[in-house]
Amino acid sequence: MTDLLSCARDLQGVIAARADEIDAARRLPADLAQTLAQAGFFRMALPTDYGGLELPPARMIEIIELMGEAQASVGWCIMIGATTAINAAYLPDHHARTIWSDPTIITGGVFAPKGRAVREGAYYRVNGQWNWGSGSANCAWLVGGALTVGDGPPQARMMWFERDQVELVDTWHAFGMKGTGSGDLVARDVVIPADRSVSLSEDKARIDRPLYAFPAFGLLAMSIAAVALGNARGAIQDLIGLAGGKIPTGARRPLAERASTQADIARAEGMVRAARTLLLDSAETAFAGASQRGSLTLEERAHLRIAATHAVRTCAEVTRIMHELGGGTSVYETCPLQRRFRDAHVATQHIMVAPGSLELAGRALLGIEGDYGQL
């Protein structure tokens, strides 16, 4: 863990220097993806049984946050690859060993059940098209959610595909998170073993350790929040770097000497620190519950989602404040504040941290009966 934290700090400058290149390429460069894979960033949530690090969730937040500070698209791709690997605790051992046989393997995909999987004996025949396939170009295995047909009531399950079983469609021309390569995945009559699929909300993890008693969707939400926290931290630092030398039009003193700038910087710093503290506290409390009881209470899961959603939306507001403080300078593509602003507001659109996630958490806290499988 300490080595990966140190590695993340060492790589921040390298990644930040390539930020424009990454955005222009609209994907994570293959050489950088391999550097990150070799260092272990995509193995943070992978069970130790398969060469993973199996880090506590709070430590993952800290590492992903550092990468998000360097460049949000890179943090996002790490987040997707790392959280997808939690599937290894649910898949049968022989499939997990096949998928993660190489320690530099990168996995990714989309959990949303936009596909259709028809049961044919011991197999599923899968068809579907999924958007938001972040980081897929560098993946050797990909997952797509599908509704099952022909083996009881329809169930949303994640289907695991070898890379050559899926077509990647370049649809990623986006407002923000440009460098994530989040194009579409297409499966046409792909036949896979039925047991090479999992339901993270219905199935019980095969590996009985605390990380895999932690809610998978909660892990995803908090990891999105970690990217947002890093990006907001980067926006504050970008503004500080700008403010000392920028003299606004019609003014005589640098932006940094304005009382309003000083107050906004302090307010933004407080907002990020408070959101970060709440997220880490919720993650540590939830992980303690998983360690002690082998499961989380519904209230703990609700608090985790509240903390993640709050962090993402708070960080978007922080980037807005920094973008506004930057004045006319912020609108130019040469200014990193415009990217921070765009990336932050794309992060808010993810379903795991959208406003509906607060409704779900609120219903749980109010004691209203319902399906909380994705909380």
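Only the coordinates and a few stated rules stand behind these numbers; no lab work does. Since we're looking at a predicted model, the values are computed, not measured. Please note: Cβ atoms are built from the backbone with ideal geometry, for glycine as well, and neighbour counts cover all protein chains shown.
Treating r as the C-beta distance of Arg293 and Glu359 and R0 as 30 Å, the FRET efficiency rounds to 0.70. You can think of it this way: the chain between Asp164 and Arg9 has 52.3 nm of extra reach, that is 0.36 nm per residue less the Cα-Cα gap. Each of Lys246, Lys204, Lys178 has some number of other Cβ atoms within 10 Å of its Cβ, and from fewest to most they run Lys204, Lys246, Lys178.
Against the main long axis of the alpha-carbon atoms of the chain, helix 298-325 sits at an angle near 30°. Among the trypsin sites (Lys or Arg not before Pro) within the range 256-364, those in coil by DSSP and having at most 15 neighbouring Cβ atoms inside 10 Å are Arg258. Considering helices alone, the calculated mean residue ellipticity of the chain at 222 nm is -16000 deg cm²/dmol, with DSSP H runs of length four and up weighted by -39500 (n - 2.57) and normalised per residue. A Cβ-based charge dipole, computed about the Cα centre of the range 214-365 with Lys and Arg at +1 and Asp and Glu at -1, lands at about 240 debye. Footprinting exposure proxy ranking of Arg157, Arg233, fewest other C-beta atoms within 10 angstrom first, gives Arg233, Arg157. Scanning the chain for GluC sites (Glu not before Pro) that sit in a DSSP loop and have at most 10 other Cβ atoms within 10 Å, the longest stretch containing none of them is 1-201. Rounded to the nearest 10 degrees, the angle from helix 30-39 to the longest Cα principal axis of the chain is 80 degrees.
Might you report the magnitude of the Cβ-based charge dipole of the chain about its Cα centre, with Lys and Arg at +1 and Asp and Glu at -1, to the nearest 20 debye? Value, rounded to 20: 660 debye. Taking the fewest neighbouring Cβ atoms within 10 Å as the starting point, the ordered list for Phe287, Phe341 is Phe287, Phe341. In order along the range 125-131, the phi-based Karplus estimate (6.51 cos²θ - 1.76 cosθ + 1.60, θ = phi - 60°) of 3J(HN,Hα) comes to 9, 10, 10, x, 9, 10, 9 Hz; Gly and Pro are listed as x. The string of couplings for the range 240-257 from the Karplus curve (6.51, -1.76, 1.60, θ = phi - 60°) is 4, x, 7, 5, x, x, 8, 9, x, 3, x, 9, 10, 10, x, 3, 5, 8 Hz, one whole number per residue in order, with x for Gly and Pro. Listed by chain and number, the aspartates and glutamates whose C-alpha is less than 18 Å from the C-alpha of Lys246, apart from same-chain residues fewer than 8 away, are Asp238, Glu257, Asp264, Glu324, Glu333. For Lys114, the aspartates and glutamates whose Cα falls under 12 Å of its own Cα, not counting residues fewer than eight places away in the same chain, are Asp184.
Taking the DSSP bridge list for the chain and keeping only pairs wholly inside it, about 75 percent are antiparallel.
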